[in-house]
Amino acid sequence: MRLSTKSRFAVTAMIDIALQGNAGPISLADIGMRHRISVSYLEQLFSKLRQSGLVESTRGPGGGYSLSRNSESISVADIIGAVEANADKPTRADATLAMQQGSGEWMTQELWAALNAKMVEHMQSISLRHLASEQRAKGVKIEARPAKRGVFSAPKPKPVYTTAPNSVFALGRSLLGSR
């Protein structure tokens, strides 16, 4: 299993959604603003998370992403596996490197395979709910924003009425009329 910045951002964003609970869909703009991650990068990550069945998307005003399953049933390994989809598959470059190294590759192959298996096993034991509860215990609070449902119009400003003259001529008339 490969660990990268992509994996770290995906886990962070999923914890953010889990912390929101049942507050409705969370927009990527809100997640990006809270964690300083670009929205376009989050869109790429959430596309993969949605394809893996970890999140659901809601379109339209008030839309965003929410967990598609209970946070207890989503593990860190599920999240990382979704965004690093091809991380475990050997590439052509890996095969070429193995051929160049010759017979020395087999000496450490079992070590790295065993280490990878332990790492995956450990990440499968950590649920998203556990990570969210750890963050709550640390005092992390996510601002509760009211869910935007439907189309809202901005309140119309009240007209301002004045008794002052609106032109130079009206000003002149008001000054001459007072004499």
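Between amide H atoms placed 1.01 Å from N, distances below 5 Å from ILE26 occur with TYR65, SER66, all of them 5 or more places distant or on a separate chain.
Evaluating 6.51 cos²θ - 1.76 cosθ + 1.60 at θ = phi - 60° for every residue in the stretch 166-177, the Karplus couplings come out as 9, 8, 5, 5, 5, 5, x, 4, 5, 6, 6, x Hz, glycine and proline recorded as x.
The ranking of ARG8, ARG36 by Cβ neighbour count inside 10 Å, starting from the fewest, reads ARG36, ARG8.
The numbers here are math on the coordinates, done by the rules we state, and not lab data. This structure is a prediction, so every number in the text was calculated from the model and none was measured. Methodologically, a virtual Cβ is constructed for each residue, glycine included, from the backbone with ideal geometry; neighbour enumeration extends over all protein chains shown.
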